[in-house]
Amino acid sequence: MEQPHSPAADAGATATAAVTAALTVKSPDLMKELGRSLAKLLRPGDLVMLTGELGAGKTTLTRGLGEGLGVRGAVTSPTFVIARVHPSLGDGPALVHVDAYRLGGGLDEMEDLDLDVSLPESVIVVEWGEGKVEELSDDRLHVVIGRTMGDAQGGDPQSDPDDVREVTLTGVGARWAGEDLAALGA
């Protein structure tokens, strides 16, 4: 007799569990430092999606990534040019920094950027990419930056509550399965 079949069981067998870490970042300088630390984990082919409201710290984090990866050029918001490529100054990967805020559609509208061509040899960071670039890779790091509410200082008198952010890092796919994302907060 055949056993009952569950499509959910099949999906669970092939899906890779997400790896998640939540960090509190108390200043823009520390957000940039988080980017430098995260850069040590990144390698060619990595897709990083950044989500957060205007002024949350997405570009500040990316600036730290650029410093950590050792790329050429000042990392600034690519809002008006949509994408900037920062070549490596050494033997590391280039940083492709994309701002998908003004792009309405999904991957179809981003096709002209040739991100799929750049991905294998670069680190691609996409601000406002949620719902738009997931199809580029089964493996991606999703970083959500949120402003804290209430007493976010945590007893630190040097911390400005307006600068405190809660950062959630979620590694999706086999690429992130062995990474200790929580160690980035140390």
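So the values come out like this:
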quantity	calculated
Those lysines that a straight Cα-Cα span of less than 24 Å connects to residue 26, excepting residues fewer than 8 apart in one chain	40, 58
Under 14 Å, Cβ to Cβ, from residue 87 - net charge with Lys/Arg +1 and Asp/Glu -1	0
Local electrostatic count at residue 77 - Lys and Arg +1, Asp and Glu -1, tallied over other residues with Cβ under 11 Å	+1
For residue 30, net neighbour charge (Lys/Arg +1, Asp/Glu -1) across residues whose Cβ lies under 10 Å away	0
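Readers should treat all values here as calculations from the given coordinates under stated rules, not as data from a laboratory. These figures come from a predicted structure and were not determined experimentally. Cβ atoms come from the backbone with ideal geometry, glycine included; neighbour counts cover every protein chain shown.
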